[in-house]
Amino acid sequence: MFKSGFITIIGRPNVGKSTLLNYIMEEKLSIVSSKPQTTRNNIQTILTDKESQIIFVDTPGIHKPRHKLGEYMVNVATDALKEVDVVLFLTTPEGEFGKGDEYILNQLEAAKVPVFLVVNKIDENTQERVAKTLQIYAEKFKFAEIIPISAAKGKNVDKLMEIVKNYIPEGPMYYPEDMITDQQERFIVAETIREKALRLLSEEVPHGIGVDIITMKKKENGAYEINADMLCEKDSHKGIVIGKNGEMLKKITQYSRQDLETFLQCKVYLKIWVRVKKDWRDNNTVLRELGYK
């Protein structure tokens, strides 16, 4: 009996949703950063073995939106609750139960599918704090399963996947067995560049950064030639992104190229231009161009 199902991972920003997905897939398909609101689109990632095919949807964190891009991110996250087989609600022991958690759990009440409580980052917290978190959330919602994990270390992740397989129905193989994502290469390239900017830049800049792939061509020698625009909202941010004598932009380009060569399995020639588009996160035209509409 072959089983197949759709799983959505949901939770507040910065609880480790992308880290969990990356560990499961052993592929860096969803960008990981220490800063919240890193993921902006829901990335479908496909895990296939002899008995099953599980399609994961990694969603943006649910939060109170402050601009049109934020509204888009929240809509994507809540839409992902529809027509899935299991919801993994991810949280951590690091913060108190708050209005954000309550808002998400209210959304989950209408999901009408099994909801797992997955408490991440147990390796970074005491057993007492983890136990307290498990108790608090169990009192707030009737979860189908409660599983503490460390996505970064892989602790209990295999156990989580075994239990997930018990809940997905008998079904067909929706995607070819060697396919691991439905995202186009250009999208993953843009997300890789944005991740490097998130990791390297100061706190005031990252959320105002977008990446637009202008050209992506495969040359006769098999190498890729990629030209990208990095958008920022202020002239002062442009200076920070470029850095003194262009050093910051060189680092972003260098680290991006290294990851892209691993992903594309070939030589990559990458050029990034920094452009100012004031308030682009509230500009519907720009959001559409970047794939957020």
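Among the conditions (1) without any contact (Cβ under 8 Å) to a residue 24 or more places away in the chain; (2) in contact with a Pro (Cβ under 9 Å, 6 or more places away or on another chain), the only one that Lys159 does not satisfy is (2). For first residues located in segment 163-180 and closer than 10 Å to Asp85 by Cα, partners that are surrounded by 10 or more Cβ atoms within 10 Å (Cβ to Cβ) and among the aromatic types (Phe, Trp, Tyr) and lie 6+ apart or on another chain with Cβ distances below 9 Å form the pairs Val164/Phe116; Tyr167/Phe116; Ile168/Phe6. All conditions but one from (1) at pLDDT 65 or above; (2) over 9 Å from the mean Cα position of the chain (by Cα); (3) under 23 Å from Pro148 (Cβ atoms) apply to Ile62; the one that does not is (1).
Quick check on Thr45: is it modelled with pLDDT under 85 and either hydrophobic (A, V, I, L, M, F, W, C) or under 23 Å from Met179 (Cα atoms) (or both)? Step through it out loud before you land on a result.
Values: modelled with pLDDT under 85: yes; either hydrophobic (A, V, I, L, M, F, W, C) or under 23 Å from Met179 (Cα atoms) (or both): yes.
Answer is yes for this residue.
Of everything in segment 144-155 that is modelled with pLDDT of 95 or more and assigned to a loop (DSSP other than H, G, I, E, B), the residue that is farthest from Phe116 (Cα to Cα) is Ile149. Scanning segment 78-91 finds no residues that are within 27 Å of Leu134 (Cα to Cα), at pLDDT below 60, outside any helix (DSSP H, G or I) and small (Gly, Ala, Ser). Please go through segment 223-261 and give me each residue that is modelled with pLDDT under 85 and surrounded by fewer than 19 Cβ atoms within 10 Å (Cβ to Cβ), ordered by number. Within segment 223-261, Lys234, Asp235, Ser236 qualify. On inspection, Arg288 passes the criterion of being at pLDDT below 80, out of contact with any Leu (no Cβ under 6 Å at 6 or more places or on another chain) and assigned to a helix (DSSP H, G or I).
Would it be correct to say that Tyr137 is part of a loop (DSSP other than H, G, I, E, B) and either in the same structural domain as Leu81 (by TED's automatic domain parsing) or surrounded by 14 or more Cβ atoms within 10 Å (Cβ to Cβ) (or both)? Before the answer, list the steps.
Working: part of a loop (DSSP other than H, G, I, E, B): no; either in the same structural domain as Leu81 (by TED's automatic domain parsing) or surrounded by 14 or more Cβ atoms within 10 Å (Cβ to Cβ) (or both): yes.
Answer is no for this residue.
The single residue among Glu102, Glu128, Glu96 that is in contact (Cβ under 8 Å) with a residue 24 or more places away in the chain, exposed (fewer than 13 other Cβ atoms within 10 Å of the Cβ) and not in a strand (DSSP E or B) turns out to be Glu102.
The values are calculated or read from the model by the stated rules, or taken from the named source; none is laboratory data. All of these numbers come straight from a predicted model, not from anything done at the bench. Glycine also receives a Cβ, built like all others from the backbone with ideal geometry; neighbour counts cover every protein chain displayed.
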